[in-house]
Amino acid sequence: MGRFLGLVLAILLLAGGLSNGVGRSAGAAQATPEAAGEPIRIGVLNPTTGSFAVFGEQVNAGVRLYFDGIDNAVAGQPVELVFADTAGDPQQALEQARRLVGQEDVDLLMGIVNSAVVPPLAEFAGQEEVPLVVTVGGARVATGPDRSPFVFRTALANGQQDRVLGWYTATELGRLRAATFAWDFLVGEERVAGFVETFTGAGGEIVSQQRPPLGTTDYGPFIGQVDPSAIDVAYAFFAGPGAIAFVQQMGQFGLVPTVELVAPDYFTAGVLGEMGEDAVGLVQAGGYTAAIETPENQAFLQAYP
């Protein structure tokens, strides 16, 4: 197991580029020595069905692209990827993890898009002493005070972007009266908490907090509870069709553009073009944008399927 933990560290160094999408020029990776020995089998757990499928497919494409770019070898060992569908469901994800470890003989696990899947898989990894690399799912418990030494993270934890955004909203945008809107589940709770912590710490006031049920697309009852004259900014955490509906309904209720809208970058992932003019002026905090003008990023964009 010590051998595989060492290999995990090598993968983590490489995956830092994978998570940002710009770590190395895609298709122009340095030649690696011919891999030899038993292959490292990596179980990749992401949703390819269900409401999170679009994000799971994107992550899987990125994983394939990166390992192809390093000749599917790490530290001189060949790498084999074994993909499994979590459907974004914690129970299915756990069953797939058990299958990958028990039947497919994978040496380590990686992936996870949605935070709800993170806690059971982190617990499983600790119990089975199988390294797990979390590449997207932001649930803070995975790398919190009670974390397992077998669990690693290459992406953000929930609240990191939002803390920056809270500070920026109050100090740089000068908006000091906020309403927060986020689905009522683990991620929404952790995201809003991060924004509130730094926003209020910088002198802002939270006027209203709205928590629509997960998956809500009719926000009228929640937007209607907020007095537009009492706020000057709205923080939002939704995704996919839910994010599109929220932006459009904020416009229909007349809050946008008078009330500034701020959100983490996940809010517009894959749907910015469908939001229309109501999204103009939206301020976001994120770790990556396709607009980065570097040779590495341009190569990545050309290679990404």
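Mind ordering 136-146, 156-166 by average Cβ neighbours within 10 Å, highest first?
Most protected by this proxy first, the peptides run 156-166, 136-146.
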Report task. Mind sorting out which of (i) 20.5, 67; (ii) 22.5, 71; (iii) 25.6, 93 is the real Rg and Dmax of the Cα atoms in Å computed from the coordinates? Result -> (i)
Report summary line: Contact order relative to length for the chain, counting C-alpha pairs under 8 Å separated by 6 or more residues, stands in percent at 15 percent
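Just add up the charged neighbours of Gln284: K/R +1, D/E -1, any other residue whose Cβ is under 15 Å from the Cβ of Gln284.
Its environment carries a net charge of -2.
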Report summary line: Cβ-Cβ cut-off under 15 Å around Gly144, Lys and Arg +1, Asp and Glu -1: the net charge is -1
Query raised in the report: Which residues make up the longest stretch of the chain clear of GluC sites (Glu not before Pro) that lie in a DSSP loop with no more than 16 other Cβ atoms within 10 Å, not counting the sites?
Result: 173-292
Query - Cα-based shape type of region 49-134, given that a ≥ b ≥ c are square roots of the gyration tensor eigenvalues and the cut on a/c is 1.5 - result: oblate
Report task. Taking amide H positions as placed in the peptide plane 1.01 Å from N, state which residues far from Glu260 in sequence (5 or more) or on other chains have amide H under 5 Å from it. Result -> Val233, Ala234
Query raised in the report: What are the DSSP H helices in the chain that stretch 27 Å or more along their long axis, judged by alpha-carbon atoms, and whose average Kyte-Doolittle hydropathy comes to at least -1.0?
Result: 2-20
Query raised in the report: How much net charge surrounds Asp218 when only other residues with a Cβ under 15 Å from its Cβ are counted (Lys, Arg +1; Asp, Glu -1)?
Result: 0
**Report entry** Per-residue [θ]222 nm for the chain (sum of -39500 (n - 2.57) over DSSP H runs n ≥ 4, rounded to 500)
**Finding:** -12000 deg cm²/dmol
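Computed from the coordinates by the stated procedures, all read-outs in this text should not be read as laboratory data. As the structure is a computational prediction, the values presented were derived from the model and not from experiment. In this analysis, Cβ positions are derived from the backbone assuming ideal geometry, glycine residues included, and neighbour counts consider all displayed protein chains.
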